[in-house]
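One structure below.
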Amino acid sequence: MLAASLALVAFLGLTGLALDRAFAATAQYGLRERLANLANAYIQEGEVDRIGGFISPEIPPDMRLLSPGSGLYANIRGEGVTWDSASTLGRSMPPVELLEMNERRFEGPLTIVDSDGMENSVYAYSFGIIWESASGDIPLTLSVFEDAQQIEDQVRIYRRALWSNLLLAAFVLMMVQLLVLRWSLLPLRNVERELARVRQGESQRLSERHPRELESITRSINSLIESERTHLDRSRNTLSDLAHSLKTPLAVLRSRLDADASHDQLREEVAAQVQRMNEIVSYQLSRAARTGHALYSAPIDIEPRAEEIVAGLEKVYAGSGVFCEFEIDPAARFHGELGDLQELLGNLLENAFKWADKRVLLTVSVEAAPPDRRPGVNITVDDDGPGIPPEKVERLLQRGVRGDERVRGHGIGLAIVQDIVTAYHGELSVTQSPELGGARFAVHIPPAF
């Protein structure tokens, strides 16, 4: 508001100065034209006698020329010719420079002195003429003077009206500007209130009722809130699962201690249970590491990562003679963590290599997104193996989301893939491959914020 007000005041101030100068220039131009018309009229009606004296018209163009001190004065100067209007009585007029024929000059303000020694300012208009007389051509310079007080009064009245109206306009515009700013910033205050409700636990997320200029911000804030809440839930679940998993080996150890087992039996049992607890901890840590993702990550090229994974799998399954083909869009990028991409591609491709007869096809395409979102990606892995019966697909995809153990078989690693896809708000589908005849695992990750 302060910056906008300063800009408004500066603009109106410059506008006022420009209008003030324009009016002063216009007033001077009007005075110049008026004096020029008066001088032309005076010359046309005047005469020069035989001896070179100027005879003024009986009725001058402006009656003020007959009244001393009226504010309008005229004089004529030439070779042997000197004439002053009656209005110049008792006043010392500025000296007049003789001008060439048709030369015109407008000057001012100039100073004149009256009989009391008081100084006044006047504007002067002069032009040179050649008067043809019986005795020959006579060069003359006619000058008309008018008191500057009149034009100064006009400018003063105009300035008073101009600046008072500009001040009023500035006040009104600043009030309107204040109202417009408060109205336009109201959605931000609503977002602030909604965030306060989220902080106080009264609401779970921001509402969707916001102007389109704020939609990207509110969506991102909601995504951050949901991501933070999801990470917190996963941490709690992991700790709960870990505690639950460790209860059994700890109970076994307690029972062996209570049973007064021999030293060798106790040593053997402790070693076995410690090994089991290490496996449980490693599993839960790896599970926690592969669930969740950073909300904003740099895009990762998919094709180089896929080539690394396939190169290793082709060595492992060299005896089966399985080879993999790529149909990857060069513009395809994975907007997430590198570990998630490696787990996703690694499990899908390893599953396909395990069950394929000879061929595996990896297809990656880009899903276009609005300008304010990151593009989505579609990853499809086909094989020419036996495929998966349709009645087992739903159970395969829903199995073991919160369990301690994952069933191995045709769907090996699919629990990990499902967790990663869910973390990125995507979808995993299993169908029959229309190209190779085996199974098709299709991952769709939508455009992200």
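Report yes if some residue within segment 116-123 is surrounded by 12 or more Cβ atoms within 10 Å (Cβ to Cβ), within 19 Å of ALA86 (Cβ to Cβ) and within 60 Å of the chain's Cα centre (by Cα); otherwise report no. Yes; the residues of segment 116-123 include at least one that is surrounded by 12 or more Cβ atoms within 10 Å (Cβ to Cβ), within 19 Å of ALA86 (Cβ to Cβ) and within 60 Å of the chain's Cα centre (by Cα).
Filtered by the rule that a residue be open to solvent by 60 Å² or more (accessible area, probe 1.4 Å), out of contact with any helix residue (DSSP H, G or I) (no Cβ under 9 Å at 6 or more places or on another chain) and either at pLDDT 90 or above or of a type in the set (Lys, Arg) (or both), segment 355-379 gives a lone residue, ARG359.
Only one of these is among the basic types (Lys, Arg), in contact with a helix residue (DSSP H, G or I) (Cβ under 9 Å, 6 or more places away or on another chain), modelled with pLDDT of 85 or more and not in a loop (DSSP other than H, G, I, E, B): ARG276, ARG287, ARG305. Name it. Quick ask: steps written out before the conclusion?
Details: ARG276 fails: modelled with pLDDT of 85 or more; ARG287 fails: modelled with pLDDT of 85 or more.
It is ARG305.
Of everything in segment 201-250, what is over 18 Å from MET277 (Cα atoms), among the acidic types (Asp, Glu) and in a helix (DSSP H, G or I)? Give them in sequence order. Matches in segment 201-250: GLU213, GLU215, GLU226, GLU228, ASP233. Applying the criterion of being more than 17 Å from ILE112 (Cα to Cα) and in a strand (DSSP E or B) to the residues of segment 53-76, the residue that is modelled with the highest pLDDT is ILE55. Of all residues in segment 197-228, those satisfying the criterion of being under 14 Å from HIS425 (Cβ atoms) and charged (D, E, K, R) are ARG219, GLU226.
Only residues that are aromatic (Phe, Trp, Tyr) and either surrounded by fewer than 19 Cβ atoms within 10 Å (Cβ to Cβ) or out of contact with any Ser or Thr (no Cβ under 8 Å at 6 or more places or on another chain) (or both): list them for segment 57-108, please. Hits for segment 57-108 are TRP83, PHE106. Among the residues of segment 135-172, write down those that are among the hydrophobic types (A, V, I, L, M, F, W, C) and open to solvent by 80 Å² or more (accessible area, probe 1.4 Å). Hits for segment 135-172 are ILE157, TRP163, LEU167, LEU168, PHE171.
For segment 380-408, the set of residues classified as open to solvent by less than 40 Å² (accessible area, probe 1.4 Å), part of a loop (DSSP other than H, G, I, E, B) and modelled with pLDDT under 80 consists of GLY400, GLY403, listed by residue number.
The values are calculated or read from the model by the stated rules, or taken from the named source; none is laboratory data. Model, not experiment: these values are computed from the prediction. Quick reminder, even Gly has a Cβ in these numbers, built from the backbone with ideal geometry, and neighbours come from all protein chains shown. Remember, those area values only see protein heavy atoms, side chains included, never the ligands or the DNA or RNA. Shrake-Rupley method; radii C 1.70, N 1.55, O 1.52, S 1.80 Å.
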